[in-house]
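These notes concern the structure reproduced below.
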Ligand code: PBG
């Protein structure tokens with residue numbers, strides 16, 4: 001049998017991550033991720049405009065606040081860095097779909113994705129245990145605050161149980177029924193997040209994230225978690241990382257037949273950049289091959305730090321005005 005199957009990536013498949021750092025002017029390059037920056041508010045809006053101009057439909061925002069505390073309170077401040085960035089981007093690049101990552105790790109002084117149980121008794125534990133019920137309340141508050149600022153979509157990444165449900169209910173309660181939810185459903189505890197810790201300044205101050213991120217020795221759990229997220233009201237489910245996890249992408253798409261994103265994470269980008277900078281292989285061919293693999297596996301959306309570079313250098317499409 002001759003198959004006509006043909007998979008091809010285009011800029012329309014991409015979501016571009018943008019880091020916004022409070023209190024800086026201009027931009028700081030992230031050492032471990034050449035070509036990727038922490039932007040000031042103004043530069044973030046310019047970046048979003050470039051993304052939109054290159055035919056990429058969406059950006060996902062990560063904020064780095066000046067002020068961190070045990071409760072991550074800067075995350076739901078009306079004038080927080082992400083809230084301001086959403087407004088600035090909407091003004092400068094109104095066509096771009098703005099997705100706001102919802103997590104506490106960039107905002108908490110301990111660097112964990114939720115509120116710690118030990119915080120209540122003020123005992124610092126090595127076995128960090130997340131207070132799930134308190135955490136999802138805060139995540140819902142953050143999501144509503146991003147919706148209020150004008151986000152089109154929120155993306156809870158804390159891996160707290162029932163986070164999607166809590167966010168969905170809160171959005172509905174505040175009348176943000178059009179705001180979509182992209183759930184980080186299958187988020188594995190991965191060493192490939194290494195460079196992101198530099199980019200988002202969110203390294204855990206003690207212990208690690210293994211108690212709330214998934215174990216990569218298992219794939220059934222991904223199916224279970226994604227199924228729950230769909231029931232709780234997610235509009236898009238996500239697999240993260242992408243490279244090395246294509247079986248998970250394929251399985252979720254096949255078994256759940258639901259809109260699916262994958263996140264090609266910081267370490268994947270660093271690795272490819274490092275190899276390319278040594279001249280070991282052809283960067284364009286390598287990147288397009290990897291991205292096409294994600295799409296072939298079943299990803300409808302690809303979050304990649306290569307989005308803008310690939311779209312402007314290698315996959316040019318006719319400019320939309
Ligand atoms: C935080 C978050 C992380 C990433 C996205 N959101 C870090 C982590 O879970 O440790 C990683 C993305 C990347 O490595 O590019 N909730």
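Below, the figures for the structure above:
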quantity: Members of region 288-301 that are surrounded by fewer than 24 Cβ atoms within 10 Å (Cβ to Cβ) and closer than 23 Å to residue 200 by Cβ; calculated: 290, 301
quantity: Residue match in region 149-159 (condition: more than 15 Å from the chain's Cα centre (by Cα), free of Cβ contacts under 8 Å to residues at least 24 places away in the same chain and either surrounded by fewer than 16 Cβ atoms within 10 Å (Cβ to Cβ) or not in a loop (DSSP other than H, G, I, E, B) (or both)); calculated: no
quantity: Some residue of region 56-72 being at pLDDT 95 or above and over 16 Å from the mean Cα position of the chain (by Cα); calculated: no
quantity: Lone unmet requirement of (1) farther than 17 Å from residue 136 by Cα; (2) surrounded by fewer than 20 Cβ atoms within 10 Å (Cβ to Cβ) for residue 110; calculated: (2)
quantity: Residues satisfying the stated conditions in region 163-184, i.e. crowded, with 21+ Cβ neighbours inside 10 Å, away from the ligand (no atom under 13 Å from the Cβ) and outside any helix (DSSP H, G or I); calculated: 179, 181
quantity: Count of residues meeting criterion [more than 21 Å from residue 266 (Cα to Cα) and buried (at least 24 other Cβ atoms within 10 Å of the Cβ)] in region 227-242; calculated: 2
quantity: Lone qualifier among 207, 200 - being surrounded by 20 or more Cβ atoms within 10 Å (Cβ to Cβ) and either more than 9 Å from the ligand (Cβ to nearest atom) or closer than 24 Å to residue 84 by Cα (or both); calculated: 200
quantity: Test for residue 258: is it more than 13 Å from the ligand (Cβ to nearest atom) and modelled with pLDDT under 95; calculated: no
quantity: Only listed residue being surrounded by fewer than 20 Cβ atoms within 10 Å (Cβ to Cβ) and either free of Cβ contacts under 8 Å to residues at least 24 places away in the same chain or in a strand (DSSP E or B) (or both), chosen from 25, 32; calculated: 25
quantity: Some residue of region 210-220 being more than 16 Å from the ligand (Cβ to nearest atom), farther than 29 Å from residue 149 by Cα, part of a helix (DSSP H, G or I) and without any contact (Cβ under 8 Å) to a residue 12 or more places away in the chain; calculated: yes
quantity: Near pairs, Cβ below 7 angstrom, 6+ apart or cross-chain, from region 257-286 (without any contact (Cβ under 8 Å) to a residue 12 or more places away in the chain) to any residue that is loosely packed, with under 14 Cβ neighbours inside 10 Å and outside any helix (DSSP H, G or I); calculated: 275/281
quantity: Index of the failed condition, residue 243 passing every other in (1) in contact with a helix residue (DSSP H, G or I) (Cβ under 7 Å, 6 or more places away or on another chain); (2) away from the ligand (no atom under 13 Å from the Cβ); (3) farther than 16 Å from residue 159 by Cα; calculated: (2)
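The values are calculated or read from the model by the stated rules, or taken from the named source; none is laboratory data. Because the structure is predicted, anything quoted here is derived from the model rather than measured. Backbone-built Cβ (ideal geometry, glycine too); neighbour counts: all protein chains shown.
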